[in-house]
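For reference, the structure discussed in these notes is given below.
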């Protein structure tokens, strides 16, 4: 069986090579030929590393690079400046 590090590298490569890849746990197990607990551990590790995210329906997707950027430190928003104008409904 491959080492955990080589499996993580392989999973990252698959997601990098196929933008938009969306896998369920069962699909990921079949693709990488690992048992469910091992696969779940790999996917959970990549979620903690902010490389993957889990959708509401349980699929695993790559996190877009723009979401990985750290937020500016010491940024303070003025609520009045960021408030949207009131919604006007047609009469």
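What follows is calculated from the coordinates using simple rules that are stated; it is not laboratory data. Everything quoted here is computed from the prediction, not taken from an experiment. Note: ideal-geometry Cβ built from the backbone for every residue, glycine included; neighbour counts use all protein chains shown.
Mind checking which residues of the range 42-53 are surrounded by 15 or more Cβ atoms within 10 Å (Cβ to Cβ) and either free of Cβ contacts under 8 Å to residues at least 24 places away in the same chain or in contact with a helix residue (DSSP H, G or I) (Cβ under 6 Å, 6 or more places away or on another chain) (or both)?
Those that are surrounded by 15 or more Cβ atoms within 10 Å (Cβ to Cβ) and either free of Cβ contacts under 8 Å to residues at least 24 places away in the same chain or in contact with a helix residue (DSSP H, G or I) (Cβ under 6 Å, 6 or more places away or on another chain) (or both): 42, 52.
For the range 38-65, name all the residues that are touching a strand residue (DSSP E or B) at 6+ places or on another chain (Cβ under 6 Å) and in a helix (DSSP H, G or I).
43, 46
Here is a yes/no grid of residues against (1) more than 24 Å from residue 56 (Cβ to Cβ); (2) touching a helix residue (DSSP H, G or I) at 6+ places or on another chain (Cβ under 9 Å):
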residue: 4; (1), (2): yes, yes
residue: 9; (1), (2): yes, no
residue: 17; (1), (2): yes, no
residue: 21; (1), (2): no, yes
residue: 32; (1), (2): no, yes
residue: 35; (1), (2): yes, yes
residue: 39; (1), (2): no, yes
